[in-house]
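Presented below is the structure to which this report refers.
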Number of protein chains: 2
Amino acid sequence: MTTKKERGKASITLIDVAKHAGVSPMTVSRVLNNLSIVKSATREKVLSSVEELKYSPNQAARSLASGRTTRICLLYGNPSSAYLGELLLGALEAVGKLGFQLIVNRVPEDISPDTLKKDLHSTWDGLIIPAPISDVAGIRRLMDAEGFPAVFLESGGVEGRAHEIGIDDFQASKDMTDFLIGLGHKRIGYIQGHPNHRTSVLRQAGFEDSVSKAGLPFGGELMTPGFFTYRSGIEAGLQLLKSDNPPTAIFASNDDMAAGVLAAASELGLKVPRDVSVVGFDDSPIATTVWPNLTTIRQPLSEMTEQAVRLLSEIINEGNNNVIPKTTSLLDYSLIKRESASAPIS
Amino acid sequence: MTTKKERGKASITLIDVAKHAGVSPMTVSRVLNNLSIVKSATREKVLSSVEELKYSPNQAARSLASGRTTRICLLYGNPSSAYLGELLLGALEAVGKLGFQLIVNRVPEDISPDTLKKDLHSTWDGLIIPAPISDVAGIRRLMDAEGFPAVFLESGGVEGRAHEIGIDDFQASKDMTDFLIGLGHKRIGYIQGHPNHRTSVLRQAGFEDSVSKAGLPFGGELMTPGFFTYRSGIEAGLQLLKSDNPPTAIFASNDDMAAGVLAAASELGLKVPRDVSVVGFDDSPIATTVWPNLTTIRQPLSEMTEQAVRLLSEIINEGNNNVIPKTTSLLDYSLIKRESASAPIS
DNA sequence: CTGAAAGCGCTTACAG
DNA sequence: CTGAAAGCGCTTACAG
């Protein structure tokens, strides 16, 4: 058990802050919770006392007194998904600091907005909706119409209609393509993502922007459809590799497909990266499982959920769902170089 | 926010229970927390009132009054591990009900017990240690010596020295082998697990028990070493498949290696399961990513952490670390039949 | 073995 | 815009 004495900050209470700021405890509470309007001079005093004393509220007292707990729900589609672990990690971290409760709810990946609508207000105070659920049509509209605090993750968001957190898929895709070009590849095949996902469009656009600026060929037999699955990666890989003038590098728009390309190459007796370079996107567990390990783009998943929880906290505290502007916030990604890509031998 | 009125049970308090049982609130508290000895008649009365009223303590009040929070820490080795998500799911569920705090801590997979010892008592109240960290030598001894509440997961536990939760690896392995035999396979290759993991020994023993009872050949060129990695699976697969008298089925003792065998087969131009059946163990995400999907053994990971948290709660409540007997508790597993195994064509 | 009192650190509801 | 009082549901420390 962690007693008060063992914890550093725990001894500083709201009363201490009130004394330090020369106001009543009630005023401190009001400032901290955006409850009603506080004169801005008073507000500043309180805030600086909070800062100076490094006060952090006791969540147990808060929820006991108010009789309420803030419940943040993280939706997920697949319990054995590679993403889930990292998403939970970040959410857990933030939720712990804020004294919120984290609920984790499995829903069908193609859940209808109506199904979601039922338990919205009665069950949760805020929702985190990661891909691929964030791509379900109508969910943004529902949240907007209901005025319900919700943050969408890694869906290549539509600016202005919802709170979104992701990475710049277009730029990341360009970076990966430029990396391949920098290696010396002049003929690069591309495997598209699932047509229903907005990120697919962005990643492909990034790729095309890059190759066309470099004056390299693209489209036609160098562009193959895919569905973000391993199996579609095998088929696309086979198709690309068996063509008359096969590419020296293949950019699969996610890791599962890139792993599939590896399988296709091996089926054709081709060595990666000696005979063909293969790169993916996502840095999912399979990237470091297969051999050779995949060069790929890493998304900061746990950071995304961490920020999502913080954002939800702000939105909920405001009371009015429209105070915090609905924008897309882009986090840093990284290009991770591993063994699956190298310069072409030619 | 969830107010008291919205929640069903929230209105029944300890005071209600005390009245109902005709005792003081203090006595109820004592019964609930195993604090000091309560006359067993009184105890029964209280317990039945708790039951009848469906009382569940308000955790916020509890931790405010006591000034303490119970912190359960889940150790993990790899944030992008397939396991992590499901482990967290179960832990989160149980922790929410008990009003505990869940901390999640990354440690090196070969962490030394001494490193762990430092923050033990000062940082956590209980520890959940899943594989492969649970296989690190000396950790059990440390927990035992420190009298620290800890539960070990999926490590094919040593009875009596620690609290362990897992599945019967021996029997599960036998089941899988029997399944292959039932399909008609008479020559089954086996890929061993990492030699440092206790589960490797158990799985291999189960396999050998099964094939020897069926009068089938085993050992020799049908038994190959592996390290639970995809890459070692490729090598082992290649070795088995290239032998003079290759097996018609290969049992890889985890999914990553089974996926490697798939790659090996494809490299040799062999179709799975037509030319060779391949099965794994664990039902990790890769099992449903690769094609064909792997027939494998599924462990109830989230159930394991759920039980682990409950067990820790009991241990912590007892105050004395030796009251709850240190045993290995075995949960149900399941054999999941997918596309990678079929009857041999012969 | 059991109880009456005080208080944990906040917020609600009411004044002003 | 700000404050004094009461209380959230438990547990601690003290009696008996």
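The values are calculated or read from the model by the stated rules, or taken from the named source; none is laboratory data. What you see is a predicted model, and the numbers here were worked out from it, not measured in a lab. Quick reminder, even Gly has a Cβ in these numbers, built from the backbone with ideal geometry, and neighbours come from all protein chains shown. The accessibility values were calculated without ligands, DNA or RNA, using every heavy atom of the protein model including side chains. Shrake-Rupley method; radii C 1.70, N 1.55, O 1.52, S 1.80 Å.
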How many residues does region B:26-65 hold that are of a type in the set (Gly, Ala, Ser) and under 19 Å from B:Leu312 (Cα atoms)?
2
Given the structure, is A:Ser81 more than 16 Å from DNA strand C (Cβ to nearest atom), out of contact with any His (no Cβ under 6 Å at 6 or more places or on another chain), modelled with pLDDT of 90 or more and assigned by the TED database to the domain that holds A:Ser155?
no
Enumeration of residues in region B:133-173 that are outside any helix (DSSP H, G or I), surrounded by fewer than 20 Cβ atoms within 10 Å (Cβ to Cβ) and within 16 Å of the chain's Cα centre (by Cα):
B:Val158, B:Glu159, B:Asp168
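Mind checking whether some residue in region A:151-171 is within 14 Å of chain B (Cβ to nearest Cβ) and of a type outside the set (Lys, Arg)?
There is no residue in region A:151-171 that is within 14 Å of chain B (Cβ to nearest Cβ) and of a type outside the set (Lys, Arg).
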Candidates B:Ala41, B:Ala91 - the one that is crowded, with 19+ Cβ neighbours inside 10 Å and either within 14 Å of chain A (Cβ to nearest Cβ) or without any contact (Cβ under 8 Å) to a residue 40 or more places away in the chain (or both)
B:Ala91
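Somewhere in region B:18-39, is a residue more than 16 Å from DNA strand D (Cβ to nearest atom) and at positive phi?
Kept after step one, since they are more than 16 Å from DNA strand D (Cβ to nearest atom), are these residues of region B:18-39: B:22.
Next, only the ones that are at positive phi stay: B:22.
Yes, region B:18-39 contains at least one residue that is more than 16 Å from DNA strand D (Cβ to nearest atom) and at positive phi.
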Note on region A:120-132: residues open to solvent by less than 10 Å² (accessible area, probe 1.4 Å) and at pLDDT below 90 are A:Leu120
Might you let me know whether region B:100-109 holds any residue that is part of a loop (DSSP other than H, G, I, E, B), under 30 Å from A:Ser11 (Cα atoms), within 14 Å of chain A (Cβ to nearest Cβ) and within 16 Å of DNA strand C (Cβ to nearest atom)?
no
Is it fair to say A:Leu64 is open to solvent by 50 Å² or more (accessible area, probe 1.4 Å), among the hydrophobic types (A, V, I, L, M, F, W, C) and within 7 Å of another protein chain (Cβ to nearest Cβ)?
yes
Determine whether region A:309-317 contains at least one residue that is away from chain B (no Cβ under 13 Å) and surrounded by fewer than 18 Cβ atoms within 10 Å (Cβ to Cβ).
yes
Just one of the numbered conditions (1) open to solvent by 30 Å² or more (accessible area, probe 1.4 Å); (2) under 32 Å from the mean Cα position of the chain (by Cα) is not true of B:Val31; which one?
(1)
Flag for A:Thr224 being in contact with a helix residue (DSSP H, G or I) (Cβ under 7 Å, 6 or more places away or on another chain) and open to solvent by 30 Å² or more (accessible area, probe 1.4 Å):
no
Cβ pairs under 9 Å, 6+ apart, first in region A:45-57 and touching a residue at least 24 places away in the same chain (Cβ under 8 Å) and within 16 Å of DNA strand D (Cβ to nearest atom), second assigned to a loop (DSSP other than H, G, I, E, B) and aromatic (Phe, Trp, Tyr):
A:Ser49/A:Tyr55
Please go through region A:1-28 and pick out each residue that is at pLDDT below 50, more than 12 Å from DNA strand C (Cβ to nearest atom) and open to solvent by less than 60 Å² (accessible area, probe 1.4 Å).
A:Thr2
Give me the residue from region B:243-301 that is among the acidic types (Asp, Glu) and either in a loop (DSSP other than H, G, I, E, B) or touching a Phe, Trp or Tyr at 6+ places or on another chain (Cβ under 9 Å) (or both) and, out of that set, farthest from the other protein chains (Cβ to nearest Cβ).
B:Asp244
